[in-house]
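Only one structure is covered here, and it is reproduced in the block below.
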Amino acid sequence: MALITEKTREEVKNIVYNFFADECEVEIKDIHSDTNIIKDIDGDSLMFLELIEIFKKKYNLDIELKTIGKYSVKHPVQTIGQLIDMQLLIIEHENRLLELDK
Amino acid sequence: MLQKKLAFIFPPFASEYPDDAFTNLTGFDDCFKKFLAWAAEFADPELLQFEIPAKTFLQDELKTQYISYIQSCSLVSWFHQKGLTPAYCAGYSMGIYAALFQADVISFPGGLILIRQAFNEIKKVIGNKHFGMCSIIGLNQDDLEQLIQKENLNLKLAIQNSTCSFSISGTAEDITKVMVSAQREGALSTRLINVSVPYHSVFLKDTEASFMEFVDQIQFLTPKMPIISLVDQEILFEEHALKYEVVRNLFTSLNWYETQLYLQELGASRFVECGSGKGIVKNARFIEGDAISLTANSFTALLDSK
């Protein structure tokens, strides 16, 4: 289980903001914690998938996509802030993510 | 001028017509109108009613196919007028007809005839049965095959887009079921595709003989550039192989993932999606290698900036 520090939190936030600014062709200043990924900046599930791959590589994570998918059913992500929180949980718990619901 | 590293990819029918798809292509609108008028005269006069803001025809599968083909052929013509010729081309799903036009294998009306005939052959085979397609992201091939088998669903994997992105064809009832089951199994996304035909699956196998007989009557010329098959990633060159590709495209599964990898092996490093959507460009994010995928609009902007 990885320890989530303030540095990790900031790093994840920066990656997510820069990713969506680039992919959705919006200014970083226009992205906020409560920005709705689909409605406000025209994001999609493929972007979510790509972001997961970025974090898997960066933090050398052992997590299956379907584990994230199962978790998402109960904890759907709509905003940038929710997405960052989920990425932090993925980094922290990896394949044990579903145990959080037990 | 032949662009050695450039591949033009022709998308299937559109699920939307964005207003800003071709804003960087000066004069494209006139080019499109000429092709539209030609198609209206040749295939269906109602095509002249097409307007992008009105989202015309999106619920009409045949007309939507026509419009996508017309847009793609207009792009071929527009880029040709700018002196741009790709080194390779490929047609994703029903984009096969525009790829054939790009390579000068068939004429513009020839493509319209093939689209109409394929549609009629399909309707003969499926009759009143209810079919459909969906896309599932986040499960791999084994996961999906096991799911289909376990639940005894009448479905087939139709297109592989990446290691964890697939399109599935089958009965409408089982398409609905698999979308629910896939989410339960951990799919990140499931989406119903706006078609009533189980494209690229064995459900359409009975189109083969009759459609082949028809295609055999159409003149196919030698391609002026390599066309890559999405079925087996072979370079299509012989007349019979090209004709059979058009026929088997209806009932054989496609592998867009492997096709992109093969195009890169051949030396293509820039893929341009020659249509109004961004589906192919979005999917390309998950393909290994350094190739860049661009919409026609962003490709044009890139050219203009140089």
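If I ask for residues that are closer than 14 Å to A:V77 by Cβ and within 14 Å of chain B (Cβ to nearest Cβ), which ones from the range A:34-45 would you list? Talk me through it step by step, then tell me what you get.
Here is the first cut: in the range A:34-45, the residues closer than 14 Å to A:V77 by Cβ are A:34-41, A:43-45.
Listed by number, the residues that qualify are A:I37, A:I38, A:G43, A:D44, A:S45.
Would you point out the residue of the range B:68-109, among those that are more than 16 Å from B:A21 (Cα to Cα) and of a type in the set (V, I, T), that is surrounded by the fewest Cβ atoms within 10 Å (Cβ to Cβ)? Before you say what the answer is, go through the steps one by one.
Just the residues of the range B:68-109 that are more than 16 Å from B:A21 (Cα to Cα), to begin with: B:77, B:80-109.
Those left that are additionally of a type in the set (V, I, T): B:85, B:96, B:105-106.
Working: B:T85: 17, B:I96: 29, B:V105: 25, B:I106: 24.
Here the residue is B:T85.
Scan the range A:79-102 for residues that are within 14 Å of chain B (Cβ to nearest Cβ), closer than 17 Å to A:I4 by Cβ and in contact with a Ser or Thr (Cβ under 9 Å, 6 or more places away or on another chain) and report the count. I'd like the intermediate steps shown before the answer.
Filtering the range A:79-102 down to residues within 14 Å of chain B (Cβ to nearest Cβ) leaves A:83, A:86-87, A:90, A:95, A:97-98, A:101.
Right, trim to closer than 17 Å to A:I4 by Cβ and you get A:83, A:86-87, A:90, A:95, A:97.
With in contact with a Ser or Thr (Cβ under 9 Å, 6 or more places away or on another chain) added as a condition, the list becomes A:86, A:90, A:95, A:97.
Adding up the residues that qualify gives 4.
Determine, yes or no, whether A:I31 is over 18 Å from B:A284 (Cβ atoms), of a type in the set (A, V, I, L, M, F, W, C) and within 11 Å of another protein chain (Cβ to nearest Cβ). Working first, answer last.
Numbers: over 18 Å from B:A284 (Cβ atoms): yes; of a type in the set (A, V, I, L, M, F, W, C): yes; within 11 Å of another protein chain (Cβ to nearest Cβ): no.
No; evaluated as a whole, the condition is false for this residue.
For a quick check of your reading of the model, give me the residue pairs whose first member lies in the range A:63-78 and is over 13 Å from B:R184 (Cα atoms) and more than 7 Å from chain B (Cβ to nearest Cβ), whose second is aliphatic (A, V, I, L, M) and surrounded by fewer than 18 Cβ atoms within 10 Å (Cβ to Cβ), with beta-carbon atoms closer than 7 Å and at least 6 apart or on different chains.
none
Exactly one condition in (1) closer than 23 Å to A:P76 by Cα; (2) away from chain A (no Cβ under 14 Å); (3) surrounded by fewer than 18 Cβ atoms within 10 Å (Cβ to Cβ) is not met by B:A172; state its number.
The failed condition is (1).
Can we say B:E173 is assigned by TED's automatic domain parsing to the domain that holds B:Y92 and either under 24 Å from B:Q65 (Cα atoms) or at pLDDT 95 or above (or both)?
Working: assigned by TED's automatic domain parsing to the domain that holds B:Y92: no; either under 24 Å from B:Q65 (Cα atoms) or at pLDDT 95 or above (or both): yes.
When the stated conditions are applied, B:E173 does not pass them.
The values are calculated or read from the model by the stated rules, or taken from the named source; none is laboratory data. Just so it is clear, the model here is predicted, and its values are computed rather than measured. Methodologically, a virtual Cβ is constructed for each residue, glycine included, from the backbone with ideal geometry; neighbour enumeration extends over all protein chains shown.
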